[in-house]
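The values are calculated or read from the model by the stated rules, or taken from the named source; none is laboratory data. Computed from a predicted structure; not experimentally measured. Cβ placement follows ideal geometry from the backbone for every residue including glycine, while neighbour counts extend to all protein chains displayed. What goes into the accessible areas is simple: the full protein's heavy atoms, side chains included, and nothing from ligands, DNA or RNA. Shrake-Rupley method; radii C 1.70, N 1.55, O 1.52, S 1.80 Å.
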Amino acid sequence: MIGNRNLLLYHTEDKSSLALQLHHCGMQHCTPDYSFHISMRPYHIIHFVLDGHGTFVNSSGSYHLQKGQAFFIPAGSSAHYKASHNDPWKYCWIGVYADITNPYLKYIFENNSIININMNLLELEQLILSIISVTDSRIINIKQYKEHDFPGEQFIPITLPSQALEANSKLLHLFSKLIETQTDNVFQLSTIEDHAIAAKSFIDEHFSEPIKVQDVANALHIHPNYLSQIFHDKYKQSPKAYLNSFQLHKPLYF
């Protein structure tokens, strides 16, 4: 097993503001019947199955997965997965922080936990290896990972800001390729309704804090006047009125 982990994130108290930030990544060719349980984590985890078979279990059910598929474990969720006895899988994974307004995970997975990978698997493996190579120079020119070349667990931490930036730039490149292959690239980056719903969600989650409409607009990176207009179009009242009502009376959700 090889990989790296961004230790600098442990010094970042407010991770909710991170738009798309690598927490860790790795690659492993599992032994027969190898299993792992993911308890609730504050970051999202994506596994890409590069070869073999295995079973993935989450709150929705149990799924048999194989080469060319990926499974998604959202932040705050638990899951369990196990490699096949006869044909154990080889997979790579990434753990990422993403805030509530970040659309990229949704573009790739929509509302699914499992997808078929449209991207070339060798290219995908090389992109993951490029992230790991930021802290492990041995694999800079390696095209495919072989477990016997790297026995045991060989995680080399990210400890320098320059490494964190380089690793994250490679993560963003990976996401650009995934979105290019998993979507038709004709979607709107952010619809009016999406912004209104996101604003309401932000208010619902932060109503107990001393927030203002400007804070909501800042969180969504839009102008407060635009926010007021689209919120009124969607919910027939201004965001200020909704926020005030929520803080005073905690009304029922729409």
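Here are the numbers:
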{"item": "Accessible surface of I108 - all protein chains present, 1.4 Å probe, nearest 10 Å²", "result": "10 Å²"}
{"item": "Sequence-distant lysines (8 or more away, or on other chains) whose Cα lies within less than 18 Å of K234", "result": "K200"}
{"item": "Potential lengthening between V57 and N120 on full extension [0.36 nm per residue; Cα-Cα distance subtracted]", "result": "20.1 nm"}
{"item": "Solvent exposure ordering (accessible area, 1.4 Å, most first) of Y145, Y226", "result": "Y226, Y145"}
{"item": "Radius of gyration, Dmax [the stretch 26-88; alpha carbons; angstrom]", "result": "11.2, 34"}
{"item": "Formal net charge of residues neighbouring P88 (Cβ-Cβ distance under 11 Å; K, R +1; D, E -1)", "result": "-2"}
{"item": "Span-like helix ranges in the chain, DSSP H, alpha carbon extent 27 angstrom or more, Kyte mean at least -1.0", "result": "161-182"}
{"item": "Å² per residue, accessible surface of the chain at 1.4 Å", "result": "53 Å²"}
{"item": "Cα centre as origin, Lys/Arg/Asp/Glu Cβ charges: the chain dipole, Debye", "result": "240 debye"}
{"item": "Gain on full stretching of the segment that runs from D233 to M40 - 0.36 nm per residue minus C-alpha separation", "result": "65.8 nm"}
{"item": "With eigenvalues of the C-alpha gyration tensor scaled by 5 and rooted, the chain, Å", "result": "38, 20, 17"}
{"item": "Cut-off 13 Å between beta-carbons: net charge of the residues surrounding V213, Lys and Arg +1, Asp and Glu -1", "result": "+2"}
{"item": "Accessible-area composition of the chain, carbon plus sulfur, in percent [1.4 Å probe]", "result": "52 percent"}
